[in-house]
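Okay, so here's the structure we're looking at.
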Amino acid sequence: MDTVTDQVLRNIFEKLQTMFPFPGYCDRSMLEEITVIVRELRRYLPDFEQRRLLDIGSGPMDKTAMFKLLGFQCYAADDLTDPWHQRDDNAGKIKQFAAQTGIEFFHQTPTDYSIPFEPESFDVVCALGVVEHLHESPRGLLNTMGRFVCREGLLVVAMPNSVNLRKRLSVLSGRTNYPSIDAFYHSTGQWRGHVREYTLSETAYICKAAGFEVLTQRTFEHLAYEKLSSPLRDIYLMLTSIVPTLGSGLLVICRKPASWEPQGEDLEAFRAAISRAVPEAVA
């Protein structure tokens with residue numbers, strides 16, 4: 001597909017809504033997010049047809065399916081152990097949806113996050129709404145993305161903005177910018193929600209530290225379309241357009257250099273980083 005217009009994306013999105021097994025899940029905010037990602041990808045990858053895309057931490061593959069309908073050959077991996085995945089055979093419905101859509105899906109387990117696809121065989125590798133859920137350094141995930149994308153291929157990282165307008169207003173009014181305390185308190189096993197959200201500069205930093213060339217780093221607003229109604233939504237959208245760092249989402253697109261190598265642990269760099277927060281005698 002040589003041209004992806006807003007109307008083309010809307011038509012594909014409406015088709016996805018009729019196919020997706022969970023009514024109401026694919027909403028306007030999802031369309032706005034995928035529109036931003038597609039527009040930025042087109043700057044570096046003008047032809048999507050038959051390009052290979054791997055979606056790591058794909059969840060129910062709603063966004064993966066959008067890429068598939070745009071012409072990509074899509075592959076995905078996830079452990080499908082979020083609480084809602086485990087209810088009412090939802091994991092089975094997700095896997096059936098992948099098969100019907102033509103997405104090759106690998107079901108990981110919480111004890112084995114290996115991915116059986118061929119290394120350096122993908123034009124694009126995505127982690128969409130994944131990094132903020134990690135309980136450990138994002139270095140391992142970024143290394144995995146780097147191993148599977150081809151030389152000069154593209155990596156796409158998207159996640160919530162930790163300093164968006166809503167969160168800033170929440171903190172100013174004395175409320176939290178973290179996930180709700182009742183959800184965290186009543187959770188069972190390992191917390192599957194957001195662990196650490198990032199700013200845009202932090203997201204660019206981890207990608208550069210992992211050895212990738214940052215091509216795009218930007219914020220975008222998508223949640224206001226579902227969460228707010230006019231005129232408040234119009235005011236919110238105006239403010240986020242004037243001050244882009246207030247936007248709800250972050251997007252960083254990187255290129256893998258031909259000389260890229262996975263990044264290992266750097267204990268001296270870690271020691272230097274934490275020295276600012278501990279007594280000098282301990283550091």
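The values are calculated or read from the model by the stated rules, or taken from the named source; none is laboratory data. Computed from a prediction, not measured in an experiment: that's the story for all the values here. All Cβ positions, glycine included, derive from the backbone under ideal geometry; neighbour counts span all protein chains shown. Accessible surface is based on the protein model in full, side chains and every heavy atom, while ligands, DNA and RNA are left aside. Shrake-Rupley method; radii C 1.70, N 1.55, O 1.52, S 1.80 Å.
A few points about this structure:
- Sub-8 Å Cβ pairs linking a first residue in segment 100-126 that is within 21 Å of Lys15 (Cβ to Cβ) and among the small types (Gly, Ala, Ser) to a second residue that is open to solvent by less than 30 Å² (accessible area, probe 1.4 Å) and modelled with pLDDT of 95 or more, at least 6 apart or interchain, are Gly102/Cys74, ordered by first then second residue.
- Each residue in segment 110-125 was checked for being closer than 24 Å to Gln190 by Cα and within 20 Å of the chain's Cα centre (by Cα), and 4 of them qualify.
- Cβ-Cβ under 7 Å pairs, at least 6 apart or on other chains, segment 225-245 side in a loop (DSSP other than H, G, I, E, B), far side surrounded by 15 or more Cβ atoms within 10 Å (Cβ to Cβ): Leu228/Tyr236
- Out of Arg192, Arg271, Arg175, sole residue that is open to solvent by 80 Å² or more (accessible area, probe 1.4 Å) and at pLDDT below 95: Arg271
- Residue in segment 50-61 that is over 19 Å from the mean Cα position of the chain (by Cα), open to solvent by 70 Å² or more (accessible area, probe 1.4 Å) and not aromatic (Phe, Trp, Tyr) present: yes
- Segment 144-158, subset open to solvent by 10 Å² or more (accessible area, probe 1.4 Å) and not in a helix (DSSP H, G or I), residue nearest to Asp112 (Cα to Cα): Cys150
- Among the criteria (1) among the β-branched types (Val, Ile, Thr); (2) within 19 Å of the chain's Cα centre (by Cα); (3) crowded, with 19+ Cβ neighbours inside 10 Å, the one Ile12 does not fulfil is (2).
- Checked against the criterion of being of a type outside the set (S, T, N, Q), surrounded by 14 or more Cβ atoms within 10 Å (Cβ to Cβ), modelled with pLDDT of 95 or more and more than 25 Å from Leu223 (Cα to Cα), the candidates Ala98, Ala65 yield just one match: Ala98.
- Qualifying positions in segment 181-227 - closer than 30 Å to Asp266 by Cα and among the acidic types (Asp, Glu): Glu197, Glu202, Glu213
- Pairs meeting the criteria (first residue in segment 57-77 and closer than 19 Å to Met145 by Cβ, second residue assigned to a helix (DSSP H, G or I) and of a type in the set (D, E, K, R), beta carbons under 6 Å, at least 6 apart or on different chains) are Cys74/Lys68.
- Scanning segment 15-34 for residues that are in contact with a Leu (Cβ under 6 Å, 6 or more places away or on another chain) and open to solvent by 40 Å² or more (accessible area, probe 1.4 Å) yields nothing.
- Test: residue in segment 115-125 that is open to solvent by less than 60 Å² (accessible area, probe 1.4 Å) and under 30 Å from Ser241 (Cα atoms): yes
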